[in-house]
Amino acid sequence: MIWARAEGCRVTLADGRVLLDLTGGFGVAALGHRNPRILKAWREQEVVHALGDLADAEVTLRLREALPRPAKLGVTGEDAVEIALRTALLATGRPGIVAFDGAYHGSGLLALAVTGFEQFREPFAPWLPGPVHRFVYGQDPGPLPEDAGCVIVEPVQGRSGSRVPPEGFLETLRRRCDETGALLVIDAVFAGLGRVGEMWPGEELADVLCVGKALGGGLPLSAALFYRDGLEETWQLGPEDVYTHTHVGNPLACAAGLVVLEEVPRMLDRVREAGECFAQAGWRGRGLLRAREGDAEKALERGVLVVPAGLDGSLIQATPPLTITDAELEEALDKLS
Ligand SMILES: Cc1ncc(COP(=O)(O)O)c(C=O)c1O
């Protein structure tokens, strides 16, 4: 499938078909594709690439200030996860990680090690770091293993099918972490920035909270936010930043990020309301992170773009732009009913 144009909630394919986009490009286009404020912000930038960790552009500094906590920036969602897990090792000296079945945290080796998708892990098993202790998502893992430096958890699991944990699950994890001094890493790369109707889901419980996807408005940008005071200091490891990327803090991505951080908080009631329409049509999940049984190919034939989800790919997932209108919602749900 080749995309020729993407605007708002619609995608035009190279063969001329126009689709209603319920993917938002894997949840990235929170403000809609080609959002005019984001395009304007990009055009206005005086620096399009600076010097990564050696020199921020002014706009990168402004983005850091607009985030609710001190943060280490990354490029992909996986980077934010990697930063969070490395922070736990630096802060506790303990290499073990508690993770959950059905989790998706990214595809680089460290994030892959904690990902619950067996078929992604298996080909690279000899190289995966650890130890990783895997528990059932939604259940109390009990006292944490002695070597565990952190627990990593999605507030609502995304890729495995918009799985909402039972009430009190994250609080239980917080308590288990407090018993041993392990860090609670909340991976809100998918669920965060408004997608489940909250800006920073789990912020009241997290030691580190990861965001990505929507943050750069379509350009790659992620962040690990340090909610426990002083965690950023664990990264003072010498004159050089020992975990960095050429494109870290990209000015265009940060300029878009400022728009996202300004616009999305005004949309949270609307996200919850639109999410209710999905719930009434039998979609599980929270806010606009939704899934149900279905066939992405059949949806495509009806003019609606969704992606397969679930551990075995038997679900379809809806993560539309948060700007989806009532008319678009009605049209999508009608076509898929
Ligand atoms: C919860 C979660 N964490 C991390 C990632 C990895 O993000 P990226 O693909 O940008 O590396 C994803 C991607 O879907 C995700 O859903």
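The values are calculated or read from the model by the stated rules, or taken from the named source; none is laboratory data. Everything numeric in this text was worked out from a predicted model, so none of it was measured. Reconstructed Cβ throughout: ideal geometry from the backbone, glycine too, with neighbour counts over all protein chains shown.
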Looking across segment 187-220 at residues that are closer than 16 Å to E78 by Cα and among the charged types (D, E, K, R), the single one that is farthest from the ligand (Cβ to nearest atom) is K213
Is one or more of the residues making up segment 174-181 within 16 Å of the ligand (Cβ to nearest atom) and either within 17 Å of the chain's Cα centre (by Cα) or without any contact (Cβ under 8 Å) to a residue 24 or more places away in the chain (or both)?
no
Note on segment 103-123: residues away from the ligand (no atom under 14 Å from the Cβ) and surrounded by 13 or more Cβ atoms within 10 Å (Cβ to Cβ) are R121
When every residue in segment 79-100 that is without any contact (Cβ under 8 Å) to a residue 60 or more places away in the chain and part of a loop (DSSP other than H, G, I, E, B) is compared, the one nearest to the ligand (Cβ to nearest atom) is P95
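For (1) of a type outside the set (A, V, I, L, M, F, W, C); (2) within 20 Å of the chain's Cα centre (by Cα); (3) within 13 Å of V208 (Cβ to Cβ), each residue gets a yes or a no:
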| site | (1), (2), (3) |
| --- | --- |
| I83 | no, yes, yes |
| A91 | no, no, yes |
| R94 | yes, no, no |
| A103 | no, yes, no |
| L110 | no, yes, no |
| G116 | yes, yes, no |
| A125 | no, no, no |
**OP:** Test D21 against the stated conditions and say whether it is among the charged types (D, E, K, R), farther than 16 Å from L252 by Cβ and at pLDDT 95 or above.
**Re:** yes
Within segment 135-146, residues being away from the ligand (no atom under 14 Å from the Cβ) and either under 17 Å from the mean Cα position of the chain (by Cα) or surrounded by 15 or more Cβ atoms within 10 Å (Cβ to Cβ) (or both) number 5
Taking segment 61-78 and keeping only residues that are assigned to a loop (DSSP other than H, G, I, E, B) and within 16 Å of the ligand (Cβ to nearest atom), one is left with V75, T76
